[in-house]
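*Asks:* One structure, pasted below without further comment.
The values are calculated or read from the model by the stated rules, or taken from the named source; none is laboratory data. Keep in mind that this is a model prediction, so the values were computed, not measured. Here the Cβ positions follow ideal geometry from the backbone for every residue, glycine too, while neighbour counts run over all protein chains shown.
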Amino acid sequence: MAETKKAVKKTQKDKDDILTKSVKKSVISTGGETKKVGNMSKMKILFVTSEAAPYSRSGGLGDVAGALPQQLNELGADTRIVTPLYSSIPSTLRQSMKFLGSTMVTLGWRRQYCGIFEHKSNGITYYFIDNEYYFKREALYGHYDDAERFAFFARAALDILPIVDFAPDVIHSHDWHSAMTPVFLNVFYRGIDRYKNIKTIFTIHNIEFQGKFDRCIIGDILGFDAQSERLVSYNGCINYMKGAIECADLITTVSESYAKEILNPYYAYGLENILNEKIDKICGVVNGIDIKLYNPETDNCLFEKFNAKTIDKKLENKKSLCELFNLPYDPNIPMIAMVTRLTAQKGIDLLVAVIDELLLAKIQLVIIGTGDWKYEMLLSDLEHKYSNKFEMIVKFNADLAQKIYGASDFILMPSRFEPCGLSQMIAMRYGTVPIVRETGGLKDTVQPYNKFEKTGNGFSFATYNAHDMLNTIWFALDTYYNDKEGFVNLRQRCLDTDFSWKKSAEQYLQLYKAL
Ligand code: ADP
């Protein structure tokens, strides 16, 4: 309690200082120079994640879990991944999996079967948790028993360790689906030799989704007594993410700005009090992207591959995309794209508020996204109204998404909040200039264009306001039409920005080592 009061009294500047210095200081004081990490005995890390590309992916988390472990291993770590064996995993990938054995996982009064399959790919060992009752479903999330499914998964990740014979130094779990791993570890496993020294790190990719459930799961599913219950109780319900914030040794978020923002009620979705209490163990590490996967020079999804020197081939991509979507092609008309989930987070409200004004301009608008039904319907209706300049694709389709990145001139991300955001980085890699709201990772990765100083790699606005967004789009279009040299140089700066995982992976390795 005393600690809480002390934390609450901290000024915003104190908080910023703590976030940027305290965790990093501890990293530095352990002598964690990046280059040394590779020379030491291999750091063993277990990623517990509900999605990992290319096996499963519903958004940024899948991308991160697909790319970061590879980069960590390239830096000398031994990173392995445990993830559910969803029925949606393509059979081509399933075929080469090896059955390692099985165990029974305890969930309250239940004993549930847990098969373990192994797959090695790109230097990474993946362990798949098999239980058809929990994971043979159409969608990854959104089922009536998600509390039970992901409690099972979080506990299975610990139970399989003796069977796969892996003794991690650090367990790194991600978002609410695997948030219970550090909690179960502290409640049930610390007395066992194999588990007693494992350190834990929990990354918040999106604080909006916390895994909040009715209290009735305490005994029935979690099997907790009153003392353990307090770890996951928050604001009258059970909150898996709060449990991880309590129990993990370190909390990270996916950008430095987001690490600061989530201390504020506007962004914290109710978790601000516990986060302010735990401020000393929070830090932000910005995501990267898989630059081998997202490479316009080798991307087979593109109509025409290109690089910085042959950037004009973007026009051929635009032409083919216009043909595909039945839009008129004009090389001089800028194409603005969104590749996004259609949720309130992504600022769709702002777009809808000014879309009539926006589409009066000489532009083409292409959106690919799925999500809230109301946005899907609204945007599909608008597409009929503006069929010669607006294409709305209500699909999650990676191939089309790449074609859109390759063909467009601008990517629009007016997010209400954005923990990191990958779309703006992928877009820039394809020479597509971002127009973003200054929040979270968008603020950290996009520097606003300054015509006079000739700096910046995009366009941005601060306030969550539709006309602020529109004015910024007008500035971007004005640059495109009337400041051609400025636009070409700006686009070149996008192409030159280093979004590889290397720097962030080095930071993660230092954090693991500090633990
Ligand atoms: P979030 O994780 O909040 O959805 P990010 O920008 O971090 O947002 O990551 C989104 C990822 O999902 C990017 O790789 C983006 O290209 C991809 N994506 C989003 N919507 C679609 C879609 N409709 N079809 C294909 N890929 C999509």
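*Asks:* Which one is surrounded by the fewest Cβ atoms within 10 Å (Cβ to Cβ), of the residues in segment 340-364 that are in a strand (DSSP E or B) and out of contact with any helix residue (DSSP H, G or I) (no Cβ under 7 Å at 6 or more places or on another chain)? It would help to see each step written out before you state the result.
*Replies:* Keep residues of segment 340-364 that are in a strand (DSSP E or B), which gives 340-342, 364.
Next, from what is left, pick out any that are out of contact with any helix residue (DSSP H, G or I) (no Cβ under 7 Å at 6 or more places or on another chain): 341, 364.
Details: 341: 17, 364: 26.
Here the residue is 341.
*Asks:* The conditions are (1) out of contact with any Asp or Glu (no Cβ under 7 Å at 6 or more places or on another chain); (2) within 16 Å of the ligand (Cβ to nearest atom); (3) within 30 Å of residue 239 (Cα to Cα), and residue 280 fails exactly one of them. Which is it?
*Replies:* (2)
*Asks:* Let me ask something additional. Tell me, yes or no, whether segment 48-61 has at least one residue that is in a helix (DSSP H, G or I), modelled with pLDDT of 55 or more and touching a helix residue (DSSP H, G or I) at 6+ places or on another chain (Cβ under 9 Å).
*Replies:* yes
*Asks:* Could you run through segment 442-453 and say how many residues are more than 11 Å from the ligand (Cβ to nearest atom) and under 19 Å from the mean Cα position of the chain (by Cα)? Lay out the reasoning, then the answer.
*Replies:* Going through segment 442-453, the residues more than 11 Å from the ligand (Cβ to nearest atom) turn out to be 443-444, 446-453.
Checking the rest, the ones that are also under 19 Å from the mean Cα position of the chain (by Cα) come to 443-444, 446.
Summing the residues that are more than 11 Å from the ligand (Cβ to nearest atom) and under 19 Å from the mean Cα position of the chain (by Cα) in segment 442-453 gives 3.
*Asks:* For the structure I just gave you, tell me whether residue 319 is more than 16 Å from the ligand (Cβ to nearest atom) and farther than 18 Å from residue 427 by Cβ. Steps first, answer last, please.
*Replies:* Values: more than 16 Å from the ligand (Cβ to nearest atom): yes; farther than 18 Å from residue 427 by Cβ: yes.
So residue 319 passes the test.
*Asks:* Here is a follow-up. Before we move on, is residue 374 surrounded by fewer than 18 Cβ atoms within 10 Å (Cβ to Cβ), more than 12 Å from the ligand (Cβ to nearest atom), modelled with pLDDT of 95 or more and not in a helix (DSSP H, G or I)?
*Replies:* Details: surrounded by fewer than 18 Cβ atoms within 10 Å (Cβ to Cβ): yes; more than 12 Å from the ligand (Cβ to nearest atom): yes; modelled with pLDDT of 95 or more: yes; not in a helix (DSSP H, G or I): no.
No: the conditions fail for residue 374.
*Asks:* While we're here: If we keep just the residues of segment 385-441 that are away from the ligand (no atom under 13 Å from the Cβ) and assigned to a helix (DSSP H, G or I), which is surrounded by the most Cβ atoms within 10 Å (Cβ to Cβ)?
*Replies:* 407
*Asks:* Six or more apart or on different chains, Cβ under 8 Å: which pairs go from a residue in segment 109-127 that's small (Gly, Ala, Ser) to one that's in a loop (DSSP other than H, G, I, E, B)? Could you list them?
*Replies:* 115/85; 115/131
*Asks:* Hey, another quick one. From the list 274, 238, 221, which residue is closer than 21 Å to residue 187 by Cβ and not in a helix (DSSP H, G or I)? I'd like the intermediate steps shown before the answer.
*Replies:* Working: 274 fails: not in a helix (DSSP H, G or I); 221 fails: not in a helix (DSSP H, G or I).
Exactly one of 274, 238, 221 is closer than 21 Å to residue 187 by Cβ and not in a helix (DSSP H, G or I), namely 238.
Table: residues versus (1) within 16 Å of the ligand (Cβ to nearest atom); (2) assigned to a loop (DSSP other than H, G, I, E, B); (3) closer than 24 Å to residue 133 by Cα; (4) in contact with a Ser or Thr (Cβ under 9 Å, 6 or more places away or on another chain).
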site: 45; (1), (2), (3), (4): no, no, no, yes
site: 65; (1), (2), (3), (4): yes, no, no, yes
site: 76; (1), (2), (3), (4): no, yes, no, no
site: 103; (1), (2), (3), (4): no, no, yes, no
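*Asks:* Determine whether residue 329 is in a loop (DSSP other than H, G, I, E, B), crowded, with 16+ Cβ neighbours inside 10 Å and touching a helix residue (DSSP H, G or I) at 6+ places or on another chain (Cβ under 8 Å). Spell out how you get there, then give the answer.
*Replies:* On the way: in a loop (DSSP other than H, G, I, E, B): yes; crowded, with 16+ Cβ neighbours inside 10 Å: no; touching a helix residue (DSSP H, G or I) at 6+ places or on another chain (Cβ under 8 Å): yes.
For residue 329, the condition - in a loop (DSSP other than H, G, I, E, B), crowded, with 16+ Cβ neighbours inside 10 Å and touching a helix residue (DSSP H, G or I) at 6+ places or on another chain (Cβ under 8 Å) - is not met.
*Asks:* Further question: With the checklist (1) under 21 Å from residue 500 (Cβ atoms); (2) part of a loop (DSSP other than H, G, I, E, B); (3) not charged (D, E, K, R) in hand, flag the one item residue 81 doesn't pass.
*Replies:* All conditions pass for residue 81, except number (2).
*Asks:* Given the conditions (1) away from the ligand (no atom under 11 Å from the Cβ); (2) touching a strand residue (DSSP E or B) at 6+ places or on another chain (Cβ under 6 Å); (3) polar (S, T, N, Q), and given that residue 343 satisfies all but one, which numbered condition is not satisfied?
*Replies:* Unmet condition: (1).
*Asks:* Has segment 37-46 got any residue that is crowded, with 24+ Cβ neighbours inside 10 Å, modelled with pLDDT of 95 or more and under 20 Å from residue 420 (Cα atoms)?
*Replies:* No; the residues of segment 37-46 include none that is crowded, with 24+ Cβ neighbours inside 10 Å, modelled with pLDDT of 95 or more and under 20 Å from residue 420 (Cα atoms).
*Asks:* Also, quick follow-up: For segment 58-84, which residues satisfy the criterion of being surrounded by fewer than 19 Cβ atoms within 10 Å (Cβ to Cβ) and under 17 Å from residue 422 (Cα atoms)?
*Replies:* 58, 59
*Asks:* Something else: Since residue 355 meets every condition but one in (1) among the β-branched types (Val, Ile, Thr); (2) within 14 Å of the ligand (Cβ to nearest atom); (3) without any contact (Cβ under 8 Å) to a residue 60 or more places away in the chain, which condition does it not meet?
*Replies:* (2)
*Asks:* Does segment 480-495 hold any residues that are over 15 Å from residue 431 (Cα atoms) and among the polar types (S, T, N, Q), and which are they?
*Replies:* Once the filter is applied, which keeps residues that are over 15 Å from residue 431 (Cα atoms) and among the polar types (S, T, N, Q), segment 480-495 yields only 482.
*Asks:* Looking at segment 449-462 only, could you name the residues that are in a strand (DSSP E or B) and in contact with a helix residue (DSSP H, G or I) (Cβ under 9 Å, 6 or more places away or on another chain)? Reasoning before the result, please.
*Replies:* Going residue by residue through segment 449-462, those that are in a strand (DSSP E or B) are 450, 455, 458-461.
Correct list: 455, 458, 459, 460, 461.
*Asks:* For segment 133-146, does any single residue satisfy the condition of being part of a helix (DSSP H, G or I), touching a residue at least 60 places away in the same chain (Cβ under 8 Å), out of contact with any Cys (no Cβ under 6 Å at 6 or more places or on another chain) and on the phi < 0 side of the Ramachandran plot? Quick ask: steps written out before the conclusion?
*Replies:* Here is the first cut: in segment 133-146, the residues part of a helix (DSSP H, G or I) are 133-135, 146.
Right, trim to touching a residue at least 60 places away in the same chain (Cβ under 8 Å) and you get 146.
Add one more test, that the residue is out of contact with any Cys (no Cβ under 6 Å at 6 or more places or on another chain), and what stays is 146.
From the residues that got through so far, the ones that are on the phi < 0 side of the Ramachandran plot too are 146.
There is at least one residue in segment 133-146 that is part of a helix (DSSP H, G or I), touching a residue at least 60 places away in the same chain (Cβ under 8 Å), out of contact with any Cys (no Cβ under 6 Å at 6 or more places or on another chain) and on the phi < 0 side of the Ramachandran plot.
*Asks:* Just one of the numbered conditions (1) within 12 Å of the ligand (Cβ to nearest atom); (2) in contact with a Phe, Trp or Tyr (Cβ under 6 Å, 6 or more places away or on another chain) is not true of residue 348; which one?
*Replies:* Checking residue 348 against (1) within 12 Å of the ligand (Cβ to nearest atom); (2) in contact with a Phe, Trp or Tyr (Cβ under 6 Å, 6 or more places away or on another chain), the one that fails is (1).
*Asks:* Out of (1) more than 24 Å from residue 309 (Cα to Cα); (2) modelled with pLDDT under 95; (3) not polar (S, T, N, Q), the odd one out for residue 451 is which?
*Replies:* (1)
*Asks:* Evaluate the following for residue 183: is it touching a Cys at 6+ places or on another chain (Cβ under 7 Å), of a type in the set (A, V, I, L, M, F, W, C) and in contact (Cβ under 8 Å) with a residue 12 or more places away in the chain?
*Replies:* Numbers: touching a Cys at 6+ places or on another chain (Cβ under 7 Å): yes; of a type in the set (A, V, I, L, M, F, W, C): yes; in contact (Cβ under 8 Å) with a residue 12 or more places away in the chain: yes.
Yes: the conditions hold for residue 183.
Results for (1) surrounded by 19 or more Cβ atoms within 10 Å (Cβ to Cβ); (2) in contact (Cβ under 8 Å) with a residue 60 or more places away in the chain, shown as yes or no for each residue.
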| position | (1), (2) |
| --- | --- |
| 254 | yes, yes |
| 260 | yes, yes |
| 264 | no, no |
| 292 | no, no |
| 295 | no, yes |
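*Asks:* Take residue 258 and decide whether it is in a helix (DSSP H, G or I) and closer than 28 Å to residue 404 by Cα. Give the derivation first.
*Replies:* Values: in a helix (DSSP H, G or I): yes; closer than 28 Å to residue 404 by Cα: yes.
Yes.
*Asks:* Filter segment 183-225 down to the residues that are of a type in the set (Asp, Glu) and more than 16 Å from the ligand (Cβ to nearest atom) and list them by number. Before the answer, list the steps.
*Replies:* Of the residues in segment 183-225, the ones of a type in the set (Asp, Glu) are 193, 208, 214, 220, 225.
Result: 193, 214, 220, 225.
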